[in-house]
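Notes follow once the structure below has been shown.
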Amino acid sequence: MKNESINRWLVLIASTAVLLCTGAVYAFSVFAGPLSQLKGWSMSEIMLAFTINAAVGPITMILGGFLTDRGLAKWTVFFGGALFGLGFFLTGLVNSPGMLYFTYGILAGLGQGFAYSACLSNTLRLFPDKRGLASGLITAGMGGAAIIAAPIANRLIETQDVLYAFRTLGIAYLIVVIVANFFIKSAPSDFKPAGWTAPVVKNGNVSVNKNWQKMLGTPEFYLIILMLGVGAFSGLMIASNASVIGQAMFGLSATTAAFYVSLYSLSNCLGRVLWGTVSDRLGRTKTLLIIYTVVACSLLVLALLSGTAAFAIGIIGLGLCFGGVMGVFPSMVMENYGPINQGVNYGIVFIGYSTAAFFGPKVATGMAANHHGDYTQAFYTAIVLAIVGLILDLVYIQKKKTTQNRSDLQGAHKA
């Protein structure tokens, strides 16, 4: 397929529309309380569905990346989006925690992994000149989904019930995925926008493409996967518990808490574009230093202060930075290992996110249960992890400098 036949902005818009559906997982805290009340299941039982949903993502992230790397992005997006919509719809028919884990946890989780991997990797290939911006815009669909889903779901829950909300949204997501897929095209790995020339870096290397085996052989990989995990921990912890935290610790009503879930998602959405753009100018590592610092400060506000203003400050700060983490790392992986194998490579790196998704919600709900609904200890735990992220980023910066100096010396000797 010739480059001229692809409208990359239209592909980006359609891909973002799909992720606006699959990103509804970030509104789970709106569903959790009503589902617990309706079915009599504990919050720990229900939150396990969110944990499973996020934890199974790398399975299809890697497989979806493999298919995308072989030119099958369009069909991977469709299959993943449809599977997610189906899982969401079937969640509206659950009658046991086990069924909830299968429909919301496994079906919707696997579908999300396929769609996210294909949309992200395919779109990044179309924007070699604006990777940070493109990564931010496409992942903003995931982050911004709850802005739409939370108030609609809350309204449906109030007028009908939580199962009706799942069924209605599931049908809507299926329709959006079908329509959006007409505008998605698979991008060639060597796509170049008209009038753009790839920059030549030191020693004349334009880009280095490494497959997953070679990626695993680099020390940078282990730093990147750890940084992604600790960076996503606090965001996932808040995403799955925002409504509950707002009501239990800050005295918000269910309706007001749903508004703050949307505010968190708006911040998440804006953060992906904001930090993605900033990282194009400052660099990925300097941007991450700022992000980890703001995460720690936002968590400190939630832990030490009370009142609606404190909750808003904490929610906005964490939302912006969670979005930043999700917007910066795809570009970081591509810059280290090239565009050809981006689908599989980022799918493997995404295991860091899924590990955080497994522990984040469980740590938060477990600590809150032991402290009568108080999440303060969970906030302090996340602060420690943010500091760990800062240290890892500094180690990564030093490692890259050492590698670059070695490369410069080798180039000088050859000259």
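Rule-based calculations on the coordinates, nothing more; no lab input. Owing to the predicted nature of the structure, the values given are computational and were not obtained by experimental measurement. FYI the Cβ positions are ideal-geometry reconstructions off the backbone, even for glycines, and counts take in every protein chain you see.
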Report, to the nearest 10°, how far helix 73-91 tilts away from the longest principal axis of the Cα atoms in the chain, using its own Cα long axis and a range of 0 to 90°. 10
Of 9, 275, how do they rank once you tally other Cβ atoms within 10 Å and put the fewest first? 9, 275
Just how far, in whole angstrom, is region 244-320 from region 30-72 if you go by their alpha carbon centroids? 22
Relative to the longest principal axis of the C-alpha atoms of the chain, give the angle of the C-alpha long axis of helix 162-181, reported between 0 and 90° and rounded to the nearest 10°. 30
In the structure shown, do any of 192/286; 130/286; 214/286; 185/214; 74/210; 130/185 have a Cα-Cα gap over 21 Å, and if so which? 192/286; 214/286; 185/214; 74/210
Give me a comma-separated list of calculated 3J(HN,Hα) values for region 271-287, in order, Karplus coefficients 6.51, -1.76, 1.60 applied at θ = phi - 60°, integers in Hz, x for any Gly or Pro. x, 5, 6, 4, 6, x, 5, 4, 5, 5, 9, 7, x, 5, 5, 5, 5
What is the fewest-to-most order of 332, 43, 142 by other Cβ atoms lying within 10 Å of their Cβ? 43, 332, 142
Residue-normalised 222 nm signal for the chain, counting each DSSP H run of n ≥ 4 as -39,500 (n - 2.57), nearest 500 deg cm²/dmol, is -27000 deg cm²/dmol
Helix 131-159: angle to the longest alpha-carbon principal axis of the chain, degrees 0 to 90, nearest 10? 10
Highest average packing first - 103-114, 230-241, 122-133, Cβ atoms within 10 Å: 230-241, 103-114, 122-133
Counting other beta carbons within 10 Å of each residue's own, what order do 262, 29 fall into, fewest first? 262, 29
Looking at the chain as a GNM with Cα springs under 10 Å, which of 370, 53, 209 has the largest mean-square fluctuation? 370
Once phi for every residue in region 95-102 is put through the Karplus expression 6.51 cos²θ - 1.76 cosθ + 1.60 (θ = phi - 60°), the whole-Hz ³J(HN,Hα) values, with Gly and Pro written as x, are 10, 7, x, x, 5, 4, 5, 6
